[in-house]
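Asks: Okay, handing you the structure first.
The values are calculated or read from the model by the stated rules, or taken from the named source; none is laboratory data. All figures in this text were calculated on a predicted structure; none of them were measured in a lab. Quick reminder, even Gly has a Cβ in these numbers, built from the backbone with ideal geometry, and neighbours come from all protein chains shown. The protein model used for the area step is the full one, side chains on, heavy atoms only, and it has no ligands, DNA or RNA in it. Shrake-Rupley method; radii C 1.70, N 1.55, O 1.52, S 1.80 Å.
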Amino acid sequence: MLSAWGKTDLASATSHHLVRHSADVAAVFLELLDNQVFLDRAKHAAGEEISSGHIRALGALTFLHDLGKLAPGFQAKGWAAGHGLRTMGHLEAGWHWIAKPRTDALAGAVTVLGQMGIGPWLPALFAHHGRPAPRPAPGAFETVLFDLPLYDWRAEELRLGQALLDWFPDLPEAVLPKPTPRLVHFYCGMLTLADWIGSDRRAFPFVPEFRPDYWKTAQSRARKRLREIGLAARGPNLVGPAEWCMISSHPAPLPAQQAVRNLPMDENFVLLEAETGAGKTEAALWRLLRLVEAGEVDALYFAVPTRAAARQLHRRVNDALARMFDPAPEAVLAVPGQVVSGEARGKRLPDFSVLWDDVQIRPARWAAE
């Protein structure tokens, strides 16, 4: 019998079991929210406290993001030619379990999911490719699930549902947070990010067989990968206190820089207008240092009007990072068509891989890629 695949590579005839991929993405999602910066953003979006129970419920929801891949019409996309089946997208198929609810679906977990309040979250769940997936017409669901001699979707659904119940044992007591628009939007971004990271086979190698104890492996791999790419709970390490000497070798800051330094930490919007040479870049870096030290942020983005300005600023910021942090992160040059991280340049290869012009292996360059 054919197993349900969650990720597949037709060129090498390899695949990753659907339950394993579901675990990978859910583990990454939960590990991301273990980062206080991400958790604070979730609370801000919700407008209220986000409990550990809310996070676990959102993790369980994330585990089901590829539910529609159980459908034979989707699985056929990874089978050899000649099966004669009409293929379909997994987002479209995912709506079936909601439009045609069965009490025994997902090993009985569907009842628990209903009690969690999953309904209003489904449009976000099925939008993880970047845009809403419209719910198909009712009649379209009649052709989603059907029996085949070599693929038993019922057995695979049972595996997925039982894994959900086993790996989220507190599910019966879990409740999803109120789906406010800002929180749902935030969740969409987090789910897309988790799916992107959890789909990288360099960190989550393909294994076609299901394994009942895989959850611990997924958690370990997620924790390791987020640490490698710079998104772990513990952010970059400052080499010292966030004072002027960390920014520049000049003996004292300029007036504009000192003015930014003296701003209160809870000021969310700052507009600094000053002439060229007044030190606006260093002022922004000083603000970054103080916010990193306080655990409020973990990154800084410069937006400038021209490519030439971006390249010049990139070099300055990259040099500054080497003074501020140990180990120093590489500044990414986010110019379309270029792949630059720190001083290294990358060349895009097939299958979303990148060849860098130095010999370093730095997974944190994933952002530049």
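Asks: Counting only protein chains, not ligands or nucleic acids, how are ARG345, ARG311, ARG261 ordered by accessible area (probe 1.4 Å), most first?
Replies: Most to least solvent-accessible, the answer reads ARG345, ARG311, ARG261.
Asks: Something else now. Return a whole-number percent for the relative contact order of the chain, with Cα pairs under 8 Å and 6 or more residues apart as the contact set. Don't skip to the answer; put the middle values down first.
Replies: Details: 484 pairs, mean separation 71.2, N = 369.
Dividing the mean separation by the residue count of the chain yields 19 percent.
Asks: Please give the charge dipole size of the stretch 219-369, origin at the Cα centre, charges +1 on K and R Cβ atoms and -1 on D and E Cβ atoms. Round to the nearest 20 debye. Intermediate results must be reported in sequence, preceding the final value.
Replies: Working: 20 positive and 18 negative charges, 115 e Å.
Using Cβ point charges on Lys, Arg, Asp and Glu, the stretch 219-369 gives about 560 debye.
Asks: In Å², and per residue, what accessible area does the chain have when probed at 1.4 Å with the other protein chains present? Don't jump to the answer; show the numbers that get you there.
Replies: Working: 19200 Å² over 369 residues.
Per-residue value: 52 Å².
Asks: Follow-up question, since we're still on this one. Taking H as built 1.01 Å from N, whose amide H comes closer than 5 Å to the amide H of LEU2, not counting residues under 5 places away?
Replies: TYR151, ASP152
Asks: Here is a follow-up. Mind telling me which of LEU125, LEU33, LEU238 comes out most flexible in a GNM of the chain, alpha-carbon contacts under 10 Å?
Replies: With Cα springs under 10 Å in the chain, the top fluctuation among LEU125, LEU33, LEU238 is at LEU238.
Asks: So how exposed is ARG223, as accessible area in Å² (1.4 Å probe, rounded to 10)?
Replies: ARG223 has an accessible surface of roughly 110 Å² with all protein chains in place.
Asks: Moving to a separate point now. Between ARG345 and ASP213, what is the FRET efficiency for a Förster distance of 41 Å, r being their Cβ-Cβ separation, to the nearest 0.05?
Replies: Working: r = 42 Å, r/R0 = 1.03.
For ARG345 and ASP213, the calculated efficiency is 0.45.
Asks: So if I place +1 on the C-beta of Lys and Arg and -1 on the C-beta of Asp and Glu, and nothing else carries charge, what would the dipole magnitude of the chain be about its Cα centre? I want it in debye, nearest 20.
Replies: 620
Asks: Ignoring ligands, DNA and RNA, what percent of the 1.4 Å accessible area of the chain is carbon and sulfur? Before the final figure, lay out each step's value.
Replies: Values: 10860 of 19200 Å².
Accessible surface attributable to carbon and sulfur in the chain totals 57 percent.
Asks: Please report, ordered by residue number, every helix of the chain (full DSSP H runs) that is 18 Å or longer along its axis going by C-alpha atoms and whose mean Kyte-Doolittle hydropathy reaches 1.0. Show your work: numbers first, answer last.
Replies: Numbers: long enough: 18-32 (21 Å, 1.11); 153-167 (21 Å, -0.43); 181-198 (25 Å, 0.70); 214-229 (22 Å, -1.54); 280-293 (20 Å, 0.11); 307-324 (25 Å, -0.75).
Membrane-span-like by this criterion, though nothing is claimed about a membrane: 18-32.
Asks: So, in nm, how far is label ASP357 from label ALA278 when the simple model puts each one 7 Å beyond its Cα toward the Cβ?
Replies: The two pseudo-label positions are separated by 3.6 nm.
Asks: Continuing with the same structure: Identify which of ALA218, ALA109, ALA299 has the largest mean-square fluctuation in a Gaussian network model of the chain, with springs joining Cα atoms closer than 10 Å.
Replies: Fluctuation is largest for ALA299.
Asks: How high is the FRET efficiency between ALA308 and THR14 when r is their beta carbon distance and R₀ equals 45 Å, given to the nearest 0.05? Display every interim value, and only then the final one.
Replies: Details: r = 44 Å, r/R0 = 0.98.
Given R0 = 45 Å and the Cβ-Cβ separation, E is 0.55.
Asks: Provide, for the chain, the number of lysine pairs with alpha carbons under 24 Å apart, each pair being eight or more places apart or on different chains.
Replies: 10
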